[in-house]
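Report on the structure given below.
The values are calculated or read from the model by the stated rules, or taken from the named source; none is laboratory data. Bear in mind that the values here come from a model prediction, so they are computed numbers and not experimental data. Cβ coordinates were reconstructed from backbone atoms using ideal geometry, including for glycine residues, and neighbour counts include every protein chain displayed.
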Amino acid sequence: MVSTIKRKSLGFLNLKESDYLGKGRERACYIHPEDNDKVIKVVYKSSENLNQNQLEHNYLSFLEKKGVSFSHLSKCFGFIQTNLGEGYIFNRIKDFDGKTSKSFKYMVLNGVLSPNLEIELLNELKRYLIDNNIIFVDIALSNIFCQEVSANKYKLIITDGIGGKRTGLKSKLYLYSKLFTKYKVKKQLKRLEKRYQKVIKEGILKKTRLVSE
């Protein structure tokens, strides 16, 4: 379970270029300068109906109120003001040895795990999303991290892309219509499977993954 999801700002931080990790279509991600176990997502490209921090906050708050387990979701700790704008704090996904976990895309692309283990982990994640009726709307494998929880024991954790993409009717239906959400969950999981197969082919073409896999 997520510890707290606060809308109230938790203070102010000065983010530097050295804290930068990467960026998506709307948000940039930084290492928390005062806590190496956390990251901060800052919106760098916003619009009236597209603010991923607020949308994610609304959806995570909704899941928390429902008592949903956050076992396969990155835990969040509230908002904070930064020199680059308002940020949303999440835990940084790390392996049991303290190293930063790799994305599932990296693991699949490079054939790090056996095909059977990949499928087992992916099926476990799918069951979690179905059982808890959670929308994984941006199904990129780079939004899933593969955490080594103990030696050779792994778990997939979604770090981005849940809930709605923009403010509107669909984002409200995800909160208030179980029937629509169930339909959307199943639809997205089919897309996730196709994306997984696409990354496998990409790895084979790049010769980073064995053809026999």
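Restricting A140, A151 to residues that are exposed (fewer than 15 other Cβ atoms within 10 Å of the Cβ), free of Cβ contacts under 8 Å to residues at least 60 places away in the same chain and within 24 Å of K94 (Cα to Cα) narrows the list to A151. Can you tell me which residue in the stretch 48-107 is modelled with the lowest pLDDT, limited to those that are more than 30 Å from K206 (Cα to Cα) and charged (D, E, K, R)? Step by step, filter the stretch 48-107, then rank; the result is E48. Of the candidates L179, L113, L175, the single residue that is modelled with pLDDT of 95 or more and of a type outside the set (D, E) is L113. Scanning for something modelled with pLDDT of 90 or more, acidic (D, E) and assigned to a loop (DSSP other than H, G, I, E, B), does the stretch 155-162 turn up at least one residue? Yes: the stretch 155-162 contains one or more residues that are modelled with pLDDT of 90 or more, acidic (D, E) and assigned to a loop (DSSP other than H, G, I, E, B).
Those residues that are among the aliphatic types (A, V, I, L, M) and either farther than 11 Å from I144 by Cβ or touching a residue at least 60 places away in the same chain (Cβ under 8 Å) (or both), I need them from the stretch 117-132; list them, please. Hits for the stretch 117-132 are L117, I119, L122, L129, I130. Among the numbered conditions (1) in contact (Cβ under 8 Å) with a residue 60 or more places away in the chain; (2) buried (at least 16 other Cβ atoms within 10 Å of the Cβ); (3) of a type outside the set (V, I, T); (4) more than 17 Å from Y20 (Cβ to Cβ), the only one that N91 does not meet is (1).
Taking the listed residues F79, F96, the one that is in contact (Cβ under 8 Å) with a residue 12 or more places away in the chain, within 29 Å of I130 (Cβ to Cβ) and of a type outside the set (G, A, S) is F96, with no other qualifying.
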